[in-house]
Amino acid sequence: MAMFSANQTSASMLLDYGRKRWQDEAGADHLALLSDLYIKARSYALFNKIAFVFALVTGIAVLVWPSVAVITTDFGYKRALFESAVVQTTITAVAALAFAIYGHYKRQQVSAENLMRYVLFSGDPLPVLFERISRQMSRIDTGFNFGDELTKRPAVADEEK
């Protein structure tokens, strides 16, 4: 267990495990596939972290903004900007967008990490792995689609069928 650290991401732990498992020449192709997936997972994790921080800041702004008008007025600094419903609505919309982007990249990161698990533990031959991984990565890499997000049905509706 010394090769694993609680301070590393799932993706880096899986890559470390794959490196230990496939140290020989025979595992080079599996390790290359795993490393490619790690690059994707790491990129998604970076976008996910940036979006999370932005969502956190804008979420706090949504909570604090109504108080700003009162506080600034108490200090004798009265501006229509701080009392504007349009500004409050815009801040709320930006916060919602930030949370949607965070959720999107979190799903992409988890998908890439799950593909890494598949490479490590499936036992499928390399041609099958490559075909399945390529198909899934094409699906994951399509990017953020607002139409898909808007037309998703709630999980409750799916369970009622």
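Values in this text are rule-based calculations from the coordinates and carry no lab data. The shown structure was predicted, so the numbers you read here are calculated from the model rather than taken from an experiment. All Cβ positions, even for glycine, are placed from backbone atoms using ideal geometry, and neighbour counts span all protein chains on display.
Relative to the dominant Cα principal axis of the chain, helix 28-74 is inclined by about 10°. If one takes the longest principal axis of the Cα atoms in the chain, at what angle in degrees, from 0 to 90 and to the nearest 10, does the Cα axis of helix 85-121 lie? Roughly 10 degrees, rounded to the nearest 10.
Computed from Cα positions, the angle between helix 126-140 and the longest principal axis of the chain comes to roughly 10 degrees. Among the chymotrypsin sites (Phe, Trp or Tyr not before Pro) in the stretch 42-125, those placed in a DSSP loop whose Cβ has at most 16 other Cβ atoms within 10 Å are 75, 77. The Kirkwood radius of the chain, taken over pairs of alpha-carbon atoms, gives through the Stokes-Einstein law at 25 °C and 0.890 mPa s a diffusion coefficient of 128 µm² s⁻¹.
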